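**Student:** Structure in structure tokens, see below.
The values are calculated or read from the model by the stated rules, or taken from the named source; none is laboratory data. On a predicted model such as this, the values are computed, not experimentally measured, just so you know. Here the Cβ positions follow ideal geometry from the backbone for every residue, glycine too, while neighbour counts run over all protein chains shown.
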Amino acid sequence: MNINSVDQLKAAAETGDIDLLYTVIHDDPSILEIIDSIPFVETPLHIATSLGHIRFAIEIMNLKPSFALKLNPQGFSPVHLAMQNDQERMLSRFVNMNKDLVRTRGREGLTPLHFASQIGEVELLAKFLFVCPKSIEDVTVKGETALHIAVKKEQYEALDLLVCFLRENIVRGARRTQYKILNWKDEDDNTILHILAQRNSEPRVVKALGRLVKSRINLNEKNLENKTALDMAANAEIRSILLCAGAKSTSQITNAPTYADKLRPKTTIRHLVTTYILRIRGNILEEQRNTWLIVATLIATATYQSALSPPGGTYQFSASDDHNMNITSSDSTISRPKDAGNSILSRPEFFMFLILNMTSFFLSTISIVIMIPRGIIDSALHCFTSSYLFSMYRISPTDISSIITLIIFYLISIAPGIEAFLRMYYELKPVIAKKLKISSLKKYCCKRRNTNHGL
């Protein structure tokens, strides 16, 4: 690399002289490529950005976009330097050209979003989140999110904006991201709630804490010192806010299962079924999933329609002109009004139709449940299945088939309640066992004490 060309290029960047830039490139066409090959270097873009030469910086970015991601020997990219030197217009142009620059990691893992949170630049923070929503997931080498930095630097307006963004975000996976970021732990396993609970109860802190406890944050997470946010509350007012929100102290909380506990074998039917479904779901390719989902949906729709219009039709009710009631089907007339709406199939025929139709319907519905993620669609499928079973019950011509469909209908209807009860049971089982153990120990100690006193 020509030393004279390097000096000229540096001079062009310091003065913002675009003509001199192209003169250097004409004399040494490979100079930008050579600079780019150095891992940590101060590029012309770094120099122009620090001095505020916008046109020159944009010209360099057009010629060599990779310069925008380069770190200088101090560990800063041009975007970091633009923020440090209050070059907001240049920063805005950079982000408009490449939104991923918001996620550029510099020294100690700090991104421009972290830096904006640190200095409390709310407008800049909002723009970064708008152009690159995923940037809120970035963490520093200390395990800190932008929310951690805002709390530690007491930038409560920035914290409020970040929490509101997590709540209002509508990109794919936003709900999962909200929970993950709000409950993220730094290198000391402190969530933002742990840190905020240690602040003095000034109005800004109280307002931020009030908004935070209404979000999806876990009030009872423990840090490395095995303390919850309530244990670390700095004063009575903050403690009162946490208590009203439902926070608990360490002594009131059972230890969460460890990774080893999660890997130990579980023999519950629910766990085995869940594991089986997740394995099937994980082995299906996206293209296969889409195809099978369409087929399963068509089968479920066809079988549901056959419950509304069974083979041969149903007995129809009609009233004659002289108000004498009779009930007719397409090929018969019956005199019993209670048979109106029932299938005209014979008992053996309907029973065969019932078995085949219900088997097709449930297999296709179960396939749909396996292939789609859990959510609001579960409730829709539950109502759809209940409606189908009620239709089959209504057209059943025999008591046996009516009883079968009615039993299945009630089982399906109460299934969510049974699932909720089982989930609550398995969550409370360790707590109940612990209390029973303590109670038994107390009785044993009491008995020994009475024995020792000769009672």
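**Student:** Quick check: anything in the stretch 225-241 closer than 29 Å to GLY106 by Cα and in the same structural domain as ARG103 (by TED's automatic domain parsing)?
**Tutor:** no
**Student:** Then there is this: If I go through the stretch 181-203 residue by residue, how many of them are assigned to a helix (DSSP H, G or I) and surrounded by 15 or more Cβ atoms within 10 Å (Cβ to Cβ)?
**Tutor:** 8
**Student:** How about the stretch 33-53: which of its residues are among the polar types (S, T, N, Q) and closer than 16 Å to PHE76 by Cα?
**Tutor:** THR43, THR49, SER50
**Student:** Does the stretch 68-83 contain at least one residue that is over 30 Å from THR15 (Cα atoms), in the same structural domain as LEU196 (by TED's automatic domain parsing), buried (at least 21 other Cβ atoms within 10 Å of the Cβ) and hydroxyl-bearing (Ser, Thr, Tyr)?
**Tutor:** no
**Student:** Could you say whether any residue in the stretch 148-162 is among the hydroxyl-bearing types (Ser, Thr, Tyr), part of a helix (DSSP H, G or I) and without any contact (Cβ under 8 Å) to a residue 40 or more places away in the chain?
**Tutor:** No.
**Student:** Of all residues in the stretch 23-62, how many are more than 11 Å from LEU9 (Cβ to Cβ), in a loop (DSSP other than H, G, I, E, B) and among the β-branched types (Val, Ile, Thr)?
**Tutor:** 2
**Student:** Does LYS152 satisfy being under 20 Å from MET232 (Cα atoms), in contact with a helix residue (DSSP H, G or I) (Cβ under 8 Å, 6 or more places away or on another chain) and among the basic types (Lys, Arg)?
**Tutor:** Against the criterion (under 20 Å from MET232 (Cα atoms), in contact with a helix residue (DSSP H, G or I) (Cβ under 8 Å, 6 or more places away or on another chain) and among the basic types (Lys, Arg)), LYS152 qualifies.
**Student:** Say we look at the stretch 240-281 and pick out the residues that are part of a helix (DSSP H, G or I), closer than 21 Å to ASN218 by Cβ and among the hydroxyl-bearing types (Ser, Thr, Tyr); which of these is modelled with the highest pLDDT?
**Tutor:** By that ranking, first place goes to SER240.
**Student:** Might you check whether a residue that is touching a helix residue (DSSP H, G or I) at 6+ places or on another chain (Cβ under 9 Å), over 26 Å from GLY120 (Cβ atoms) and assigned to a helix (DSSP H, G or I) occurs anywhere in the stretch 76-85?
**Tutor:** Checked the stretch 76-85: no residue is touching a helix residue (DSSP H, G or I) at 6+ places or on another chain (Cβ under 9 Å), over 26 Å from GLY120 (Cβ atoms) and assigned to a helix (DSSP H, G or I).
**Student:** Looking only at the stretch 1-22, how many residues end up being crowded, with 17+ Cβ neighbours inside 10 Å and either in contact (Cβ under 8 Å) with a residue 40 or more places away in the chain or not in a helix (DSSP H, G or I) (or both)?
**Tutor:** Residues flagged as crowded, with 17+ Cβ neighbours inside 10 Å and either in contact (Cβ under 8 Å) with a residue 40 or more places away in the chain or not in a helix (DSSP H, G or I) (or both) within the stretch 1-22 amount to 3.
**Student:** Search the stretch 351-376 for residues that are over 14 Å from GLN305 (Cα atoms) and pair each with any residue that is at pLDDT below 80 and crowded, with 18+ Cβ neighbours inside 10 Å when their beta-carbon atoms are under 8 Å apart and the residues are at least 6 apart or on different chains.
**Tutor:** Qualifying pairs under 8 Å: PHE351/SER401.
**Student:** Can you name every residue in the stretch 79-97 that is under 32 Å from the mean Cα position of the chain (by Cα) and of a type in the set (A, V, I, L, M)?
**Tutor:** VAL79, MET83, LEU91, VAL95, MET97
**Student:** Which pairs have Cβ atoms under 6 Å, sit 6 or more apart or on different chains, and link a residue in the stretch 114-126 that is assigned by TED's automatic domain parsing to the domain that holds GLN155 to one that is part of a helix (DSSP H, G or I) and β-branched (Val, Ile, Thr)?
**Tutor:** HIS114/ILE149; SER117/ILE149; GLN118/ILE149
**Student:** For the stretch 163-177, what are the residues that are more than 17 Å from PHE130 (Cβ to Cβ) and part of a helix (DSSP H, G or I)?
**Tutor:** ARG175, ARG176
**Student:** Related question: The conditions are (1) in a helix (DSSP H, G or I); (2) closer than 19 Å to LEU110 by Cβ; (3) among the small types (Gly, Ala, Ser); (4) touching an Asp or Glu at 6+ places or on another chain (Cβ under 8 Å), and ALA68 fails exactly one of them. Which is it?
**Tutor:** (4)
**Student:** Quick check: is even one residue across the stretch 88-99 modelled with pLDDT of 90 or more, polar (S, T, N, Q) and assigned to a loop (DSSP other than H, G, I, E, B)?
**Tutor:** Yes, the stretch 88-99 has at least one match.
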